[in-house]
């Protein structure tokens, strides 16, 4: 029971400064199809809006500048039961209206804080993009120092929750001056699991061979880093190591 209570409290403490939000949402008041909205977001921001939890959804709704209007988000259906985000992230959080989704329509919009299906080829008056930019900090800090730096100067240490985010990390990590670069990845000795400081469970994984599986036996606290070379796989390092790190920024 004590362990069950400890982990949520640990996440709350780690997320208290950034409020576990890594995306900034941008409301665009232009009439477009879903595909046109996706193209616009990818050219001018990062992608059509993605939400992973209720905190994300609350932040997204703050950006909406119409009352009960239809607004595209980045949710699309690829098969009868398979919905995914435009960014490639899996759907871990859903906010459907009680009778949705029930049709063969393949894209989603929001109105009044709830999600509805709609034909992708139809134009609607507005959509929401998000930004999620990464920056390599070429300072050699411990993991805890890196976390503090990102939260004071940017948003947070980066969380890598999809293949798409891993690709973005691989693009920027080449700028690092150390052989590995801190991620927002931490090991809990109490629960014996890895977790992201954003509050997310580790679903997507990209561990180098021999890493990410035996940390419970390690005498020092372990944190996750990504190699700046050698394929950019994740590795487990003592949290006192001095490395460059990647922050998310707006």
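No value in this document is a laboratory result; all are computed from the given coordinates. Model, not experiment: these values are computed from the prediction.
Some observations on this one:
- Rounded tilt (10° steps) of 34-44 against the dominant C-alpha axis of the chain: 40 degrees
- Whole-Å distance, taken between Cα centres, linking region 39-59 and region 141-157: 23 Å
- Top of 44, 140, 206 by mean-square fluctuation, Gaussian network on the chain, Cα under 10 Å: 44
- Counting only alpha carbon atoms, the long axis of helix 2-15 and the longest principal axis of the chain meet at about 80°.
- Segment residue 70..residue 175, full-extension length gain: 33.7 nm, with 0.36 nm per residue of separation and the alpha-carbon distance subtracted.
- Solvent-free Debye scattering, log10 I(q)/I(0), computed from the Cα coordinates of region 24-130 at q = 0.14 Å⁻¹: -0.45
- Between region 172-250 and region 83-107, the Cα center-to-center distance that results, in Å: 31 Å
- Over region 101-204 - Rg/Rh using Cα atoms and the Kirkwood inverse-distance radius: 1.10
- Angle of helix 163-173 to the longest C-alpha principal axis of the chain, folded into 0 to 90 degrees and rounded to 10: 50°.
- Sequence-separation-based contact order of the chain, relative, with Cα cut under 8 Å and 6+ spacing, percent: 23 percent
- Fraction of the pair-distance distribution of the chain above 35 Å, Cα-Cα pairs, percent: 20 percent
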